[in-house]
Ligand SMILES: Nc1ncnc2c1ncn2[C@@H]1O[C@H](COP(=O)(O)OP(=O)(O)O)[C@@H](O)[C@H]1O
Ligand SMILES: [Mg+2]
C-alpha cells in the first residue's frame, strides 16, 4: 500500500441522531439513535444492515447530502479531519446503485463530467484532467468503449463508468451506496475484484453500504453492523485477511464464524427492538 501522510483522512460521526417526519404528519420517527464512529483512511469499511435501517441516511450524511426540508443530522456532528462539516465536501465523492450516467453523453464525456464544474476546473489543469480521464477509462476496462453511449453498455459497464467518474477526482473519501446491488452474481464479483485493484493503486477511505454478507467479507477491512428501529452500531469488527480473499478463505472457519456473527446480529433485529446489544 502506498498511502502517504499527506493523503490521510479521518471521518468522525459524533452522537448522530436522525429523526424524520412521520408519513401521516403526526410526529417524528427516530431512525438513527446516537451513532458515534471514527473512520480513517486508508481502509474499506463495510456498513451492513437490514433494509430500511438507515444505511443510506448515514452515508448521505457523511457525504453532506441533505434531504430537502429535513434537518440532517437532527443532532450530532460529522467531522472531516476533525473539522465540522455542514455540506458537500470536495474530498468526498459518492457512487450509487443507480449509476447516474448521463444518457446523452459518451463514456469519455461521462467520466470527464466532474471537470465541467468550476471547482474541479480550477483545481486540475485541462491537460492533466484529460490524461486522468483516459487513464481511468483504461483502468476500469472500458478502453474500447470511449465513444459509446450508456445505452450501448451493460449494467456492469455502466457501473464501471460511474466508478471511473468518481475515482478520476482521486477522492480521499469514497462513499458507495449498494453500488453493485443490481448486478448479477458474476458481474458483481468482477466489480468487487476491480474495486480492490483500484483501491490498491490509490488507497482512500471507502465506506461501502451493502446488505450482502459475502460482499462484506470479500471487501471489508472493517465491518460495521447496524441494528434497526432506531439504528445503532450493533457490531464492529476488523478482518485482517489480505485481499483478494481466496475462496478457500471464504470457506475457512474464520470466515464462516464471521458470517454467522453478522447473520445473528441481523436476525436479532426483531427480538431486540428498543434494547440493542452492543458487542464491539
Ligand atoms: N427524507 C426522508 N423523509 C422521511 N423518511 C425518510 C427519509 N429518508 C429515509 N427515510 C426513512 O428512514 C428509514 C431509513 O431509510 P434509509 O436510510 O434509506 O435505509 P436503508 O438505506 O438502510 O435501506 C426508512 O424507514 C425510510 O423510509
Ligand atoms: Mg439504502
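Just so it is clear, none of the values below were taken in a lab; they were calculated from the coordinates. The structure presented is a predicted model; accordingly, all values stated were derived computationally and were not measured. Glycine gets a Cβ as well: all are built from the backbone with ideal geometry, and neighbour counts include every protein chain shown.
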**Message:** Run lengths n ≥ 4 of DSSP H only: what is the helix-derived mean residue ellipticity at 222 nm for the chain, with -39500 (n - 2.57) per run over all residues, to the nearest 500?
**Reply:** -9500 deg cm²/dmol
**Message:** If you fit an axis through the alpha-carbon atoms of helix 126-139 and take the longest principal axis of the Cα set of the chain, what angle between them do you get, 0 to 90°, nearest 10?
**Reply:** 70
**Asked** Counting DSSP beta bridges in the chain, what percent are antiparallel, to the nearest 5?
**Response** 50
**Dimensionless Rg over Rh [segment 148-280; C-alpha; Kirkwood]** = 1.00
**Prompt:** In which sequence would 95, 29 go, from the one with the fewest C-beta neighbours within 10 Å to the one with the most?
**Reply:** 29, 95
**Fill in**
Relative contact order in percent for the chain (Cα pairs under 8 Å, 6+ apart) equals 26
**Asked** Helix 253-267: angle to the longest alpha-carbon principal axis of the chain, degrees 0 to 90, nearest 10?
**Response** 60
**Complete:** Going from the fewest other Cβ atoms within 10 Å to the most, one would list 115, 237 as 237, 115
**Fill in**
Mean separation of Cα contacts under 8 Å (at least 6 apart) over the residue count of segment 93-149, i.e. the relative contact order in percent, is 47
**Request:** Compute the separation of the alpha-carbon centres of segment 152-221 and segment 4-60 and state it in Å as a whole number.
**Result:** 19
**Message:** Using only Cα atoms and rounding to the nearest 10 degrees, what angle (0 to 90) does helix 185-201 make with the longest principal axis of the chain?
**Reply:** 80
**Complete:** Exposure proxy check on 154, 51: fewest-to-most Cβ neighbours within 10 Å is 51, 154
**Message:** Let me make sure I get this right: for segment 27-149, a, b and c are the square roots of the gyration tensor eigenvalues over alpha carbons, sorted descending. Under 1.5 in a/c it's rounded, otherwise prolate if a/b > b/c, else oblate. Which is it?
**Reply:** prolate
